[in-house]
Each structure stands twice: as C-alpha cells, then as structure tokens.
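See below for the structure under consideration.
Read-outs throughout are calculated quantities, based only on the coordinates presented, and are distinct from any laboratory measurement. Source: prediction; values computed, not measured. Cβ placement follows ideal geometry from the backbone for every residue including glycine, while neighbour counts extend to all protein chains displayed.
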Amino acid sequence: MIIAVLLYMVSTGGYIAYLFLQKAYLCKSGCWLLTTGFVCHSAALGYGVASSGHLPIYTLHGTLSMAGWTVAGVFLAFQYKYQLKVLGIYAAPLVTLVMVISSQLPAEPARGKAIFNNFWMIFHVMVIFVGDAAFALACGLGMLYLIQEYSIKNKHHGFFFRRLPSLELLDSTAYACVVCGFTLLTLGLITGFLYAKLVWGKLWSGDPKEVWSGITWGLYAALLHGHLALGWRGRKAAIMSIIGFAVLLFTFIGVNFLFKGHHGEFTRW
C-alpha cells in the first residue's frame with residue numbers, strides 16, 4: 001500500500017507542476033502515476049479482501065483506503081470520458097490526503113463481520129462508495145467553477161482564468177458527476193433498506209446513518225430538480241454541490257463518532 005501512497009503523492013506533484021507550467025507532459029505524467037498508483041492500490045485491496053474474506057470497511061483505516069481508491073478510480077473514468085485535465089489538481093491531492101491519513105491510522109488485524117459477507121451488503125457498500133466519489137468530484141468542479149466565475153466577473157484574466165476551462169464545461173461535467181452519484185446513492189439506499197428488512201425486520205429503523213443518508217439524498221435530489229425544473233445552472237449548482245458534499249462527509253464519517261446505531265455496531269470508529 002505504501003507504494004500506492006507514494007505514487008499518489010508524486011502524481012499530485014505532477015498535476016501541481018502542470019497547473020503552474022502548463023506543460024502537457026506534466027499532466028500526462030500525473031495521470032499515468034495516478035493510474036499506476038490506482039493499480040497498485042487495487043492489488044493491495046484485492047489481496048486484503050482475499051485474505052480476510054470481507055471488505056476493509058469496519059475500521060477508519062480501511063474505510064478511508066476504500067474512499068481514496070474509489071475517488072481515484074472514478075476520477076480516472078471521468079478523465080477518460082471528458083478529458084478535463086485540470087480536475088487532476090483537485091482529485092490527486094484529495095486522494096493523497098485521504099491515503100496519507102489512512103496510512104497514519106492503525107491497521108488493526110482483520111476480524112470479519114458476517115454482515116459484510118452477504119452479496120447484497122457488499123453491493124450496497126460498493127455503489128455507495130462509488131457514488132460518494134462522484135459527489136466528491138462534483139464538489140471539486142463546483143469549487144473550480146466559482147474560482148473561474150470570480151475571475152471572469154472581476155475581469156481578473158490572470159492565473160486561473162488562463163488555466164481553468166470554460167464555465168459551461170465545468171458546469172456540465174459537475175452535473176454529470178451529480179447524476180452519476182445520485183443514481184448510485186439511490187441504488188445503494190434501496191439495497192440497504194431491503195437488506196435492513198432481512199436483518200432487522202424493517203426497512204427503516206431511524207438509525208442516524210439512515211437519517212443523514214436521507215438528508216444527503218434529499219439535498220442532491222433538490223439540486224437535480226432545480227437543474228431540470230427551475231433551470232439551476234452555474235453558481236447555484238456549484239454551491240449546492242459543495243454543501244451537499246459537506247453533508248455527505250458528515251454522514252460518511254461524523255455520524256459514526258457522534259451517534260450510536262446499527263451501522264456503528266459493525267465498525268470500530
């Protein structure tokens with residue numbers, strides 16, 4: 001895993017150098033380094049799953065590692081589709097930060113939970129992780145949109161104006177990320193509720209994780225509704241993407257520390 005972390009770190013350096021120097025080879029190097037890090041990361045996670053028999057998500061160390069892995073993978077997929085090179089200056093540092101924090105946390109001995117060995121629970125967890133990664137990218141694109149919009153409105157045609165893409169491209173790509181994330185979040189919640197019915201006998205138990213997941217879903221549903229029905233574009237959508245991701249982070253990590261519920265029974269953080 002340490003090799004993956006180092007590759008992510010060097011990739012971050014490549015993207016930052018590209019931001020300042022605008023040399024195509026720096027962007028390509030950053031992308032290839034990130035891709036190689038993702039491959040090494042995938043191999044390490046695969047080995048861990050094969051050894052323990054479950055996903056590494058019941059400790060904060062493992063959860064953050066999975067989060068970093070999915071963000072890297074989703075970024076590479078969107079990079080391939082949209083060729084939005086500048087997004088790497090956000091995605092690579094984010095993946096590196098998450099993985100550095102994960103590496104500093106204790107990697108406790110594997111102790112599998114029966115709940116994680118069920119196909120539907122694994123499916124539920126994976127689609128939630130990938131959906132959250134898409135929302136993370138939408139947040140980054142929202143930030144870049146606001147920066148570019150500020151440059152244009154204030155006629156500061158300098159550093160960022162010359163390096164960031166058009167507002168239209170940032171907005172449309174962020175919207176694609178939100179649609180992807182919302183679809184997967186919805187699918188993840190449905191499978192989670194169905195599995196809760198099998199395990200606890202009811203679809204909804206008022207578990208804090210369920211409540212905050214519902215709030216997160218509602219925020220992104222409002223964003224999509226505003227986009228389709230009210231014509232929300234640009235600044236409004238960017239701000240909503242940032243707010244939505246902040247709530248998502250609280251749901252993803254904060255809830256486990258502050259509240260007790262069914263989900264907390266299966267984790268050590």
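Remarks
- Packing around the peptides 132-140, 79-87, 223-231, taken as the average count of other Cβ atoms within 10 Å per residue, puts them in this order, highest first: 132-140, 79-87, 223-231.
- The stretch 1-112: relative contact order in percent, alpha carbon pairs under 8 Å with at least 6 residues between: 35 percent
- Ratio Rg/Rh [Cα only; Rh per Kirkwood] for the stretch 113-269: 1.07
- Using the Cβ of residue 18 as centre and a radius below 11 Å, the other residues enclosed give a net charge of +4, where K and R count +1 and D and E count -1.
- For the stretch 180-220, chymotrypsin sites (Phe, Trp or Tyr not before Pro) are listed when DSSP marks them as loop and at most 16 other Cβ atoms sit within 10 Å of their Cβ; the list is 204.
- Dividing the summed -39500 (n - 2.57) terms of all DSSP H runs of n ≥ 4 by the residue count of the chain sets its mean residue ellipticity at 222 nm at -26000 deg cm²/dmol.
- Candidate values (1) 0.93; (2) 1.03; (3) 1.14 were compared with Cα Rg over 2.2 N^0.38 Å computed on the shown model; the agreeing label is (2).
- Screening the chain for DSSP H helices whose Cα atoms reach 18 Å or more along their own axis and whose mean Kyte hydropathy is at least 1.0 gives 2-21, 88-104, 119-153, 167-200, 235-249.
- Gaussian network model of the chain, springs between alpha carbon atoms under 10 Å - residue of 38, 252, 159 with greatest fluctuation: 159
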